[in-house]
Every structure is written in C-alpha cells, then in structure tokens.
Amino acid sequence: MSDLLVGRWSTDTVYATAGRGGKMENLFGMVEPRDDVLAGELTESRFAASLEEVIAGTAPEAYSDTEHFFAATYPSAGLKSLLNEALGRIGGGKPDGASVIRLETNLGGGKTHNLIALFHAARGQLDAARAAEFMDASLLPSEPVEQVGAFVGTSTGAQSFPEIAGITPRTAWGYLALQVGGTAGYEFVRADDEALTAPGSDAIKRLLGDRPSLLLIDEIARYYQVAKGVRVGESTLAQQTTAFLMALMEAVDGLPRAVLVITTTGVTDAFGEATSDILEAVNEARSLMARKELVLRPSEEADLPKILTRRLFKQRDNGSAAAEVAQAYAEAADTAYASGLDLPEGMVGTGWATEIARTYPFHPTLIRILDKRLSTIPNFQRTRGALRLLARVVRRLWAQQPERTYLIHPHHIDLSERVIAEDLSSRLERPQFEPVIRADIASQARAEPSHAERVDERMGSFYARRLATSVYLYSLTRDVPGVQPAELFGAALVPGDDPNLLQKALDGLEAACWYLHADVRGYRFSTEASLVKLIQEAESEISVTNARKKATKILTTQFRDSTLKVRRHWEDAKVPDNAADAWLVVMHWDDFGDPRGVDPHGPTPAKIQELWERTPAGGLRQYKNRLVFLAPSLGTHEAMVRAVKKHLALEELSTSSDTLNALTPEKRSELKDRAKESALLARVAVCNHVNVLYVPTAHGLEAVQLDQVTSSSVFPNQADAILGRLAAMEKTLRAGDRPLDPAYVKNKLGDLLNRPQPTEELEQAFARRSDLKMVFDRMQLVALVSAGVRNGVWEYQDPDRGDDGWATKDRPGASFRIAADVFLHPPGSAPAPAEQVCPLCDTVHPGRGCPDIFEKEDGAQSPLPSAKPTTFTGSGAAGSAFAQARSAAADKQRESLCELTIGIDHLGAGGSTELLRLHSVVPATTLGAELVYDVKVVVTLGTNHSHAAKIEFVGTPADYAPLREAIKQLLGPHESVVKASVTAAFADPLPLSGDVVERFAQAARDTGPTKCTITMRTEGDG
C-alpha cells in the first residue's frame, strides 16, 4: 500500500507555479528530523516523561541527558517564568519570587517536562552558555540545590512508597521528608507518617530549615483517587493530604529559600473532582500565606508548534524557507478564493502568510486540530500525544517524500499505517472507528481500496484521500464533531492545486462514503452508517433483471403518442405502411444482444434497415418518409441500470417502515427527497441510453445522437424532444413553419406533376420521398396547392363542379382540398372560361356589366346604392356542406361572409356527440375576431322512455356553455331526437377566401357533424 500511496501522491497535477521564484523546494530539503525520529526510537517510554525516574537517574537519555534534553526543549514563556521565579527565590537573586507555583494545563500540556527542566537547572545541570536561552542566567543558584523532594501521584498507591534508607514511608509527607532530610529529616514527621495524619507547618519548617529547598508535586489528583478509600479516624487519607498541602504551603511561604511547585489539570479532565479538592486546599491556604500563589501555564497555544518543531527537528535557520512557503500558500489561497473556492476568512489576505510562518513546518490547521480537538481527549494528551503521533508521521513522510510537500498537513497523517490508525482509534477508546477508516478513508496493503481511494482513482488525483483524512481528525471529538467545507478546503489546499477538483473530490466523497455525514455542523465521520451505505446495501439486493424491467416500464411511459405515433418494437414490431401516419419506432436494448446498443457512427443495424424497407407482410415499404427510429447507444447501458437500481433501492427504503423508524426526522426527509430525485434521474438515464435517432434522408437512414438529457431538460413526453430535433434538422413541415416554394417542390417531384395528379398524390409523394420533409400539418399542403395556383406552377380542378371547378393563376379560386377526387394539372390545362350569365337578369352582358346596376350621371356610370340579399346553402357531411356553400357564394362573386348557420337533425344514439361536433365548427373566438352567436337548441327524448324534454335557448356562447353540459348529460347514450342550430353573426364581415373562414372549413372537415345543413349570408343583404 505504501508504494501505491507514494505513486498517488506523486501524480498530483500541478496547476500553478508555487511561490514567486519559480519551483519551490520541497520540505525535505528545508528541515531535517532528529536522528531518533528517523530511527523510530521515540517509543512510548520516551514520551512518557517521569520526574521520579529523572531524579533516580533511571530515565531515558532524552530526559536524563541534560544536553540532549535542553537541546530538544523549546524555551516557552511559561518555562522561562517557572525557572526565573523558582530559582530566583531559591538562589536568593529574586527574594520576592513566588513561594508556591502552580502549573496548570490539560493532561499532556508539558507540566512534567517543565518540572524536569526545573530539577536539572536546580541541580546545576543547566550551563551558563545555554541558560540565557531559558531564563535570566543571573538568577541561577551558585551551588546545586541539595534539598529536593518530589512526589508523583501516579507512582504510588495510597500507602505504598519506595523504601529510602531502610524506611518505607506510608504517606506523601513521609516520602518527601526522607528525600529532603534523610532519616534525620524523617524523624520530624515519623509519628504523623505512621498515623497517616497530616503534620503541621512547624514540623515542615524544622524539616526544611534555612537551606535552599525545592519541593515538586506532580499528578497529585490521581493520588487523591486512591487516598479517598483509606479511612483515618473520622476522615480519609485524601482529607489528611489536603491538610498536609495547606501546612506545606504555609511552611514554604515562611522560608525565604524554599519553593513548592505543584501541578494541576483542568477540572474537566479525568481527575477533575480531585483537582477541585486540591484547588480548595490552595484557596484555604492563601489566607495563611504572606504572598499569593503564582499560577503558570507551562506552554500556551502559540508555543505548541515551536515545542513540536524543537523536539522533532534539528535546529537550523529556516526563516527564509518559512517566508517563501508562507508567501506561496498565501498566494495560492487568494487565487483559489478568487476562483470561487470557499475558504475561511483568516486564509484570505496578508495574515495567512504570517500564520504559516509562525507554525512552519506544520500547517496551522494541523496545530489547531492537535491543540483544540485531539487534546480534549484524555487518552491523547496535548504535547505528549502530539509528539508521539507526529514522530511516526514525520518518519513515514521522510521515508516516502511525496512531491509538492511544503508543509506537514492534517492529510499527511497516514491512516493506512496500522499503528497510526490505532493511535487515532483504539488508543483513544474509539475502536469502532477503525472499520470507518478502512471503508472510507485509507485501506491497508493488499486490501480493497477505500471509498476515498476509489474516488481518487476515478479523478486521477489525491484530493479525496486528503479531504477524508482531515474530516476524520475533526470527527474524533464527541463534542461538536465535524468541519465546515471552508475550513476543510483550507486544511487541504497546497500551492498548485486545482480548486475545482477539490470541490469535485468532496462531492465524490459525499456520494461514495458509507460513514460520512454532512449537516449544519459540517462534514464528519460517524460509526452510524450514512444514507449512502443504506442505499448501496439496498442496491446490492436489486437484480439487474429487475432493474431492466423497471427501465422498460420507464421507456414505455416516457415515449407516448403525440404528433408522432409511437410504436414500441418489443410490444408490436408491425409498423403500418401508409401516408397518413408518422411513426416513431422505439427499439429495445434487448434487440441488440450483449452490446445492448448501437454505434451511432457505424452502419445502420440490419434490424432497423429491414423495418424501414419492408412492410409487416414482407413487401417493399412505400411510405419510408413516415418513419423514424430510436435505438439505445453503446456504452450507456450500465449507467442506466445503475441509475434505475438506485431508484428502486430508494423507492424501497422510503416506503419501509423499519428503515424510516430507524432514521432521524432529518434523514427521513432527506431519504424521501432522494427517492423523488432518483425517479427523475432514472428517467434521464433511460433517455440518455435510448438516444440514437435514425432519420430518413436522401442517402438513406442517417444516425443522429440526441443531445444529453438533464434533469431540467427531460420532457414529460420525450417524443416531443424527437420532434424538436427533427425540426432543428429542417426535416419537418408543421403548422407555423415557413411555407414551401411550389416551384421547388415541382422541381423535386419532376415528371410526376407534368401530368394530371390527384392532390392526394402530393401528400403521398412527401410520404414516399425520404429527401423531402415529413409533413405533420396537411394545411401546409393546402397552402402549397394554393400558392402553386397563384404562382402559375400548376392548375387545380374539382371535377364535381364542372368548368367552375378550375382554379388558375388568372382565376385563383377560394377553396382547395387534399383528396383523391381533386387534381393538379400542368399550367394551361384549364378550358377557356365561358361567358358569365348575369345573376340579376339572367343574360350575358359583354363589356362593363348589367345595365340594371348602373345609371348615367354626368356621363359616368355609378353603382346603385344596394343589391338584393343573397344566401348560399350546402348539405351533407360538414366539410362537404361548407365547401358547397362557399363555392356557390364565390360563383356569384361574393367576397365577404356576414353570417354562418349550421344546423343538425339527428335521430338515434350519439346525439350528444353530434351536438359537440356542431359546436366545434365555429369557436367563440378565432384569431381575435369576436363572434356573436344566436344558439337555438331543441331536444326531444325518444318515445320509448316514459319522459320527454324540450329545451329552447337563445343567447351568447358563454351563457349557453353550462346548459350545453347539462344537455349532454341529459342525452347520454340514449336514443334521442336532436334538432339544433348555431348561428354566428360577424360584426365585421370575414373574407370568404381568408384564413379565418379557411379555418372554419378545416374544422368542418376535421370535427364537424356527420350530416348537417350550412347556410352562408354574404355582403349586400338587407
């Protein structure tokens, strides 16, 4: 795994030059770890500093060898104050120094380390040359302090202390007395030691005398825990110890050369209750002391990076390197922020460079995690735990030396290393986090890659592993676990990173990890499985067969009849061959075997080619320009199956009461939202799989890959998307499209129109010829015929009307049809027009017209003020009746329609249907023209019923609408007699050859009554 890890690290793409001076040198050439760090000699015992072992001379070299010890010790402000105060008072150089000094911090905060430093300095082991770095050298005692006593609460039981000079003391005071004064000194407290009762301050003063004395008490809170269980008369040994501490503080306060240093932890730590007892004793002792106690913190937050650096790395001047790296990181943060990456406010601006330089070679976020997060875990311990962890991290990092390592980041804590992973799981009493590490963050050698590693493999980067490691470190605290995205990006960002990939990696983690959670608290790992894991487990239970069945259902509902009629090949492979219907034939992935799709750049599949060329009966297909085919594409089938499996899994989870009851309300809501979204994504995936369209062209079927469908672009009926693509290819002729040029069409059809042809043949020619448009609106063909007549491209004949049925360039006519009984002829085919008989006097008038219409006035002819009223009537099917009436009006040179009446007289079932057909011919508004109706309805039920009804109504269409529905319900499916008429009077007469009247004619043909009478009143009526 380590080799793989190095490989992944080294292949990170560099997107920007780091630093101002070109390529920036890696960390490995700028700082050098100490030999014991690289050798792996910093064992647990090396970090567990023991004051007693140092005093006894049995401590490891790191603590017993003063040269080594001070070389690896950072002179924090707290340590300097401790040495100056304590040694200044003992040596006499600072008589006003504090007699009682309390070191206060969390576990692992450096208390014991500072006590060891004080012990070495008091015993004369801090030479003058180095002393100036740690304290005011003038305050060093001139002679080593001989009277030194130390008590460490973790080293003894309640009454078990090491033997000294043949005496085994029973209490802390007996033990200290033997160390300070030997057997003679012990005699001052012997009785109290044997009785387990606290000595008074006078006895302690006599024990110490006027000689320089240093008393060190460490970890006493732990001793209290066991001392509470020992009864001493009416009290306990813990209470007696409290009395001893008060007496001891009073005694050293009264001796000018004596100092007591005592350590305490915070009251929130593991021994907080005992610490409260000690602090109470200190507070009570204050009233007996001439001076107040001095409370010191061995180290502050700002000291931690310096302490770690001093202990782990050899001392060298890294000022210029730190400045260069700091500047590069500041510039990288500004660039990333400007590109849209969310970063903490403190990372943007000049302050970030200062912060980087302060914590170099550590990233500031790593220091904050160690100091503010991990240090709150009792088993970690702030300085000691950080040193133990970082020693392993540094050794592994220097062994691998990955590229672009300029600082030690949180993500350099390599959780694939078993010992490091255990340090940050089992050792912290969080063993349940180990499977979380292996599943989501870092796998061990030869194991299955973690989810973060899989995300990195897909992206070709290491961003996901970086982010996941950082999130894990933020997740270990039980109080407020988690990290906000901005802080997470800031922890991972390295000069040269692509900010977009960082965001994509986080999205990838959220979609892949089993134990990663994201909410208002930020991102965090938890031992509770996330919805991702629940969904993946549910997906694993969905078979591919079931997913494909569901996908087929989605495909069925996604493509439905519209302008294109849909034929699903797997349901019915017989596609009719006629000119009237245009078909979308949808193919199934099972039609193409294991590939499950077609190559849009390859030849047309034989199955599709055969469907296009052959009829269901096996003959040659005539109307090949009425078919388009839709097939699945290669390489997209598995993506569709995955999306549908996820949808089925979410659908099952969101309806499972057991699952819902086990989730929080927030997770239940999220699950339902995901299930709803998955339904849409499954539709999208199906559409993106079945997305190769085969379109008839002059060269045969042409394969076109449809645009990628998204959640926002998917149609309720995806057949509409097919129409849109055909329109974009200029393959369709629909209502509203630019009319065709008749000359162009005649040129395309060639000899076909050089001889008489039914207008129906024009429609069939478009259906046969794959080099022409697909006609979806027959009115476009009507307009084409009309334009061809007006432009002299052809002539039109309706044989049923004799010589009056011709329309030519000179006599355009008013109405045209696409049918088998009307014809197109080459120009010049129409007979010469006969002389017209005057409709007023039934005679032929050569020249200027009927003399009855004109009268002489001043040598000029003027029309008479009015003409006789004229109405025209047709009967039969509505379309035919309308054409008869309009043709009769045109024959009499009428130009405007003033009033239109449609009447029906129906006997039998279906009366309600005929009534609806009647009303469909003339709607209430057409192209903005307001139509005023007089609606007259008479309905009589059949005589075979015991009741009858007669209804009459006159009024506007709006007033009639509710009554029309009531009549429809009354008629129902019964045998009935229906007599009804609709009269529409137009305030402004409509041109007989205009668009509005043509639309009435089309409505009559398409939806009008099967039998009716239509009457038109034209201009000139009185």
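Values in this text are rule-based calculations from the coordinates and carry no lab data. Remember, it's a predicted structure, so these values are computed and weren't measured experimentally. Neighbour counts are summed over all protein chains in view; Cβ atoms, including those assigned to glycine, are modelled from backbone coordinates with ideal geometry.
Numerical summary
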{"read-out": "Three-way shape call for region 318-380 based on the alpha-carbon gyration tensor, with the a/c threshold at 1.5", "value": "oblate"}
{"read-out": "Solution diffusion estimate, µm²/s, Stokes-Einstein, region 763-821, Kirkwood Rh from C-alpha pairs, 25 °C, viscosity 0.890 mPa s", "value": "199"}
{"read-out": "Computed P(r) (all Cα pairs; region 709-790; 10 Å bins; percent)", "value": "16, 46, 23, 11, 4, 0"}
{"read-out": "Two-site label geometry, Asn546 and Gln315: point separation in nm, points 7 Å out along Cα→Cβ", "value": "7.0"}
{"read-out": "Which of Ile441, Ile167 has the fewest Cβ neighbours within 10 Å, and the rest in rising order", "value": "Ile167, Ile441"}
{"read-out": "Computed Kirkwood radius, in angstrom, where 1/r is averaged over Cα pairs of region 696-740", "value": "12.3"}
{"read-out": "Straight-distance crosslink candidates among lysines, where the alpha carbon sits under 30 Å from Lys111 and sequence neighbours closer than 8 are dropped", "value": "Lys80, Lys94, Lys205, Lys228, Lys292, Lys306, Lys314, Lys372"}
{"read-out": "Residues Ser540, Ser875, Ser416, sorted so that the one with the fewest Cβ neighbours within 10 Å comes first", "value": "Ser540, Ser875, Ser416"}
{"read-out": "Sites Glu613 and Trp398, calculated FRET efficiency, Cβ-Cβ separation with R0 60 Å, nearest 0.05", "value": "0.25"}
{"read-out": "Pairs from Lys553/Lys676; Lys553/Lys646; Lys533/Lys667; Lys549/Lys607; Lys574/Lys607; Lys950/Lys979 whose Cα-Cα separation, in the structure shown, is over 19 Å", "value": "Lys549/Lys607"}
{"read-out": "Region 529-686 shape via C-alpha gyration tensor axes, a/c threshold 1.5", "value": "prolate"}
{"read-out": "Modelled FRET efficiency - R0 56 Å, Gln484 with Thr557, Cβ distances, 0.05 increments", "value": "0.85"}
{"read-out": "Spin-label pair Lys306/Arg211, simplified geometry with 7 Å Cα→Cβ offset, distance in nm", "value": "3.7"}
{"read-out": "Protection-proxy order for peptides 176-185, 88-97, each taking the mean of Cβ atoms within 10 Å per residue, highest first", "value": "176-185, 88-97"}
{"read-out": "Aspartates and glutamates whose Cα lies under 15 Å from that of Lys565, excluding same-chain neighbours fewer than 8 positions away", "value": "Asp577, Asp581, Asp720, Asp777"}
{"read-out": "Sequence ranges 451-463, 884-896, ranked by mean other-Cβ count within 10 angstrom, highest first", "value": "451-463, 884-896"}
